[in-house]
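The structure under discussion appears below in the form of structure tokens.
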Amino acid sequence: MVTDATAAPESSPRPTLEIDHDVDPVARVEATVTAYLTETDIPWEAGARPGEFVLTLPGERKLRVVTSLLVGPVHTSVSAFVIRNPDENHAGVYRWLLRRNLRMPLLAYAVDASGDVWVRGQVPTGAVDAALVDQVLGIVLEAADASFNELLVLGFLTSMKREWAWRVSRGESLANLEAFRSLLEGSELEDEAAEAVPAMSERDEDHPSGQLGPTG
């Protein structure tokens, strides 16, 4: 058997993690979040609850994604309104949400007592740093903004067809429906344009008044 004649170097002591027990974890995370939001120019204001930041993330499909980030002593939670209670095809919408939950890290879709769809989640407050805040807000945008058009088609297609017909019959702008032209143009509902009610103008970009996040 061949052995290495070179003497093994003495192992150096492992560095120890120094924890400052005098630092309030909530205050530390609040300072981290404030610094991150300032650096990234994300508009925000203090929420109604202690430790709450209400952020306005810029969207592409939605005009904005209003998000609550709540720093607590144990967990830091985030929630954002995605879309109101679908008009139709609830089973199809819920199936889509559950399938998407399987591959969404950290957060998940949820439905509140009114049937409105949210994205929310929580992480240990002690684990929060600027990188994690950036990651979580990116997931919020992907869940609430990037998926918005797909959810509209699943849950509001009939209303969208009616509004398309209503606008066409009156020569109104179709700008915010252009992304759906292939689905809406030539709809059989155009004959009903005279009686159609422009339902999609009632869509909320934010949640109706009330606490951010599912309550049921």
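The values are calculated or read from the model by the stated rules, or taken from the named source; none is laboratory data. None of these values were measured; they are calculated from a predicted model. Every residue, glycine as well, gets a Cβ built from its backbone with ideal geometry; the counts of neighbours run over all protein chains shown. SASA here: full protein model, heavy atoms, side chains in, ligands and nucleic acids out. Shrake-Rupley method; radii C 1.70, N 1.55, O 1.52, S 1.80 Å.
I'm told residue 138 meets every condition in (1) over 11 Å from the mean Cα position of the chain (by Cα); (2) more than 29 Å from residue 159 (Cβ to Cβ) except one. Can you identify the failing condition by its number?
(1)
For a quick check of your reading of the model, give me the residue pairs whose first member lies in the stretch 45-70 and is free of Cβ contacts under 8 Å to residues at least 12 places away in the same chain, whose second is among the hydrophobic types (A, V, I, L, M, F, W, C), with beta-carbon atoms closer than 6 Å and at least 6 apart or on different chains.
Taking only residues 6 or more apart or on different chains, the pairs are 45/54.
Looking at 125, 158, which is the one that is open to solvent by 20 Å² or more (accessible area, probe 1.4 Å) and either in contact (Cβ under 8 Å) with a residue 60 or more places away in the chain or of a type in the set (Gly, Ala, Ser) (or both)?
When all the criteria are applied, what remains is 158.
Looking only at the stretch 39-82, which residues are open to solvent by 10 Å² or more (accessible area, probe 1.4 Å), under 30 Å from residue 162 (Cα atoms) and not basic (Lys, Arg)?
Across the stretch 39-82, the qualifying residues are 58, 59, 60, 63, 66.
For the stretch 161-174, state whether one or more residues are touching a Ser or Thr at 6+ places or on another chain (Cβ under 8 Å) and either among the polar types (S, T, N, Q) or without any contact (Cβ under 8 Å) to a residue 12 or more places away in the chain (or both).
Checking the stretch 161-174: not a single residue is touching a Ser or Thr at 6+ places or on another chain (Cβ under 8 Å) and either among the polar types (S, T, N, Q) or without any contact (Cβ under 8 Å) to a residue 12 or more places away in the chain (or both).
If I filter the stretch 78-100 for residues that are farther than 30 Å from residue 154 by Cβ and not in a loop (DSSP other than H, G, I, E, B), do I get at least one hit?
No: zero hits.
What number of residues within the stretch 28-38 are farther than 13 Å from residue 57 by Cβ and either touching a residue at least 60 places away in the same chain (Cβ under 8 Å) or surrounded by 16 or more Cβ atoms within 10 Å (Cβ to Cβ) (or both)?
Number satisfying all stated conditions: 6.
Has the stretch 60-72 got any residue that is modelled with pLDDT of 95 or more and among the basic types (Lys, Arg)?
No.
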